Amino acid sequence: MSEDIKYTFENKEYRDTYRHTVSHILAQAVKRLYPEVKLAIGPAIENGFYYDFDAPFSFTQEHLNALEAEMRKICKEKLKLERFELPRGEAVKFMEEREEPYKVELIQGLPEDAVISFYKQGDFTDLCAGPHLDSTGRVKGNAVKLQNVTGAYWRGDSSKKMLQRIYGTAFPKKEELDAYLERLEEAKRRDHRKIGKELGLFMLLDEGPGFPFFLPKGMVIKNTLIDYWREIHRKAGYQEISTPIMLNRALWERSGHWGHYKNNMYTTVIDEEDFAIKPMNCPGGMLVYKSQMHSYRDLPLRVGELGLVHRHELSGALHGLMRVRCFTQDDAHIFMTREQIKDEIIGVVKLIDEVYSLFGFPYHIELSTMPEDHMGELADWEMATESLKAALDELGKSYEINEGDGAFYGPKIDFHLEDCLGRTWQCGTIQLDFQMPERFELEYTGADGEKHRPVMIHRVVFGSIERFIGILTEHFAGAFPTWLAPVQTRVLPVTGRNADYAEAIRARLFDAGFRVETDSRNEKIGYKIREAQVEKVPYMIVVGDKDEEAGLISVRDRKTGETTQMELDAFVEKLTYEVSHRLN
């Protein structure tokens, strides 16, 4: 590692060490101000840190403000952090004397040969493996922010006590903290749940937690994405199928889902036989392949399905369209020979690249290799992994390798797209699978006349169409590209005298295939324009007496806010080009 970044936030190890030290400073501040509070754990996390506390009161914003002030004092005190170790018995006694039961439990749960270490800073000592900065003075007190408080079960176990988790973040400079907090505020403004409600796209109701309702405008977006999906997959040589939403237990046992995934499945009994609503499309796809004989000449066989799947999620994990209990998965399975693996991977990577590039998403790729708990022969895994690498290398794609993070049935490639706020979302994935064809005894007849087992790829592009809509909503802040917008144009007559002219314009645009509305309400034109702006309509056509007399229209562009007078034919031509080329 370059010395230039060793002690900067570009170095993840240093970043985590810095924030871990800040979590200790928070714990010290809590013990100074509220000595009756008991300490649990306080790690660094991706964007900051947290610490869990058992307090006889609820932490409020006033408490957080007081704690921030105390933390700044501790930073100014420049307390040295000193590490020391204790034998198990002494360590337990040390924390018992300080009446810290959670620390005692942690020590007692450590392996017999574990090194039990502590870090001391001034009047405060905490059980910790480290590492830490050498002094609290290294932390910039004015670049620390306590953000919020949530509930968290001790050790993540719902049968144990609910603690209070204080989340915070810290940076080496106040300007960096301010920039980060501004990004968070922008994320709140772009929250798809808020925008979805404002624009009438979808709704989430208590009658169906985790089961989103799509409203007419939301269905326009969903269907437009599906139409695009079908178009590019038809060009790429895919066939589309549809498999039942519910299948019997025997199928799920054969696929392995009943044994490994049953807790996430919704089950029922029909005619005294167990059934499950599908959490994945793959087993149904296996039955489709198996329904007829196949020759090597039929391969590769590319089969897509827009299947509605249901997966149980804990209520606390649900989040708008991002984490739901039912969603449309844009699945596809490719059945092929071993010799075809590399070329098929290349084709899928190109397809995913085309989609993400259309929306302006940069992305990075991760290749995950054989996990410790896996099925199949080592030689198959090595051949599959090398095929994935060769495909990415041939395309000139850079990628990270996640050793041991593949699925139990095969290595995989994951695509992490980045939105306009710099957040990453794992959407596309390509997974090689030798096991499912084996479990379902899939076969094809080779050139030698013998039966052979095909290799299979599972792959998704959007992942979940509903989740992808959530990502797009936040990425575009509801101002969808014209080709995707629920309403592409709104015609705004200035007065009632212009209503017939406005209707004629609407009819022409509608007949040309555009999504168009007319706002003929008896309201001032300024009000109508503002409302269309709030609803993120790409183009507003304002028509008054002068426009009507000249046989022209005044087009207001959402992006620029400028109004241009033109002929209707010219606008139709402009809109046709923009929509047909799917311009952003």
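How high is the relative contact order of segment 340-428, in percent, counting Cα pairs under 8 Å that sit 6 or more residues apart?
Details: 131 pairs, mean separation 34.5, N = 89.
Reported as a whole number, the value is 39 percent.
If the label point is 7 Å along Cα→Cβ of Asp500, which residues in segment 512-556 have backbone nitrogen under 14 Å from it?
Those under the cut-off are 548-549.
For segment 390-503, what is the relative contact order in percent, using Cα pairs closer than 8 Å and at least 6 residues apart in sequence?
Working: 115 pairs, mean separation 19.3, N = 114.
Computed over segment 390-503, the figure is 17 percent.
In Å², what does the accessible area per residue of segment 413-500 work out to with a 1.4 Å probe? List each step's numbers first, then the result.
Working: 2490 Å² over 88 residues.
Heavy-atom SASA per residue in segment 413-500 reads 28 Å².
Which value, in debye to the nearest 20, describes the size of the charge dipole of the chain about its Cα centre when Lys and Arg Cβ atoms bear +1, Asp and Glu Cβ atoms bear -1, and nothing else is charged? All intermediate terms of the calculation are to be shown ahead of the outcome.
Working: 77 positive and 96 negative charges, 336 e Å.
That gives the chain a dipole magnitude of about 1620 debye.
Calculate the length of the line joining the C-alpha centroid of segment 265-322 to that of segment 224-250, in whole Å.
Using only Cα atoms, the two centres lie 11 Å from each other.
Calculated FRET efficiency, Lys559 and Ala69, Cβ-Cβ r, R0 45 Å, to nearest 0.05?
Details: r = 45 Å, r/R0 = 1.00.
E between Lys559 and Ala69, to the nearest 0.05, is 0.50.
Would you mind telling me the antiparallel percentage of the DSSP bridges in segment 351-447, rounded to 5?
Working: 13 of 17 bridges.
Taking every DSSP beta bridge within segment 351-447, about 75 percent pair in antiparallel fashion.
Take the solvent-accessible surface of the protein heavy atoms, probe 1.4 Å, and return the percent of it on segment 437-584 that carbon and sulfur atoms account for. Intermediate values should be presented prior to the final figure.
Numbers: 3230 of 6710 Å².
Percent of accessible area from carbon and sulfur atoms in segment 437-584: 48.
For a quick protection proxy, order the peptides 410-423, 121-134, 328-341 by their average other-Cβ count within 10 Å, most packed first. All intermediate terms of the calculation are to be shown ahead of the outcome.
Numbers: 410-423: 19.4, 121-134: 17.6, 328-341: 21.2.
Ranking, from highest mean packing down: 328-341, 410-423, 121-134.
Just to check I understand the Karplus step: with θ = phi - 60° and J = 6.51 cos²θ - 1.76 cosθ + 1.60, what whole-Hz values come out for segment 545-561, glycine and proline as x?
Values per residue, Gly and Pro as x: 4, 5, 4, 5, 4, 8, x, 10, 10, 10, 9, 9, 8, 4, 5, 9, x Hz.
Could the peptides 217-226, 152-161 be put in order, highest first, of the mean number of other beta-carbon atoms found within 10 Å of their residues?
Final packing ranking: 217-226, 152-161.
Please go through segment 1-91 and write out the GluC sites (Glu not before Pro) that DSSP classes as loop and that have at most 13 other C-beta atoms within 10 Å. Spell out each step's value before the answer.
Details: sites: Glu3, Glu10, Glu13, Glu36, Glu46, Glu62, Glu68, Glu70, Glu77, Glu82, Glu85, Glu90; in loops: Glu10, Glu36, Glu46.
Hits after loop and neighbour filter: Glu10, Glu36, Glu46.
Would you list Phe359, Phe476 from the most to the least accessible area, probe 1.4 Å? Kindly include the intermediate steps, with their values, before the conclusion.
Working: Phe359 5, Phe476 40 Å².
Result, largest first: Phe476, Phe359.
Under 23 Å from the Cα of Lys524, which lysines turn up, not counting those fewer than eight places away in the same chain?
Lys536, Lys546, Lys559
What does the helix-only formula give at 222 nm for the chain: each DSSP H stretch with n ≥ 4 adding -39500 (n - 2.57), the total divided by the residues, and the result rounded to the nearest 500 deg cm²/dmol?
On the way: 19 runs with 219 residues, N = 584.
Helices in the chain give a 222 nm mean residue ellipticity of -11500 deg cm²/dmol.
Report the net charge of residues surrounding Leu395, where surrounding means a beta-carbon distance below 12 angstrom and charges are Lys +1, Arg +1, Asp -1, Glu -1. Provide the component values of the computation, followed by the final result.
Values: positive: Lys342, Lys350, Lys389, Lys397; negative: Asp343, Asp353, Asp393, Glu394.
Spelling it out: positives minus negatives among the neighbours equals 0.
Using the structure shown, select from Lys76/Lys173; Lys235/Lys451; Lys80/Lys140; Lys342/Lys412; Lys12/Lys350 the pairs with a Cα to Cα distance greater than 20 angstrom.
Details: Lys76/Lys173 15 Å; Lys235/Lys451 30 Å; Lys80/Lys140 15 Å; Lys342/Lys412 13 Å; Lys12/Lys350 31 Å.
Over 20 Å Cα-Cα: Lys235/Lys451; Lys12/Lys350.
The values are calculated or read from the model by the stated rules, or taken from the named source; none is laboratory data. Everything quoted here is computed from the prediction, not taken from an experiment. Neighbour counts are summed over all protein chains in view; Cβ atoms, including those assigned to glycine, are modelled from backbone coordinates with ideal geometry. Note: accessible area is taken over every heavy atom of the protein model, side chains too, but ligands, DNA and RNA are not part of it. Shrake-Rupley method; radii C 1.70, N 1.55, O 1.52, S 1.80 Å.
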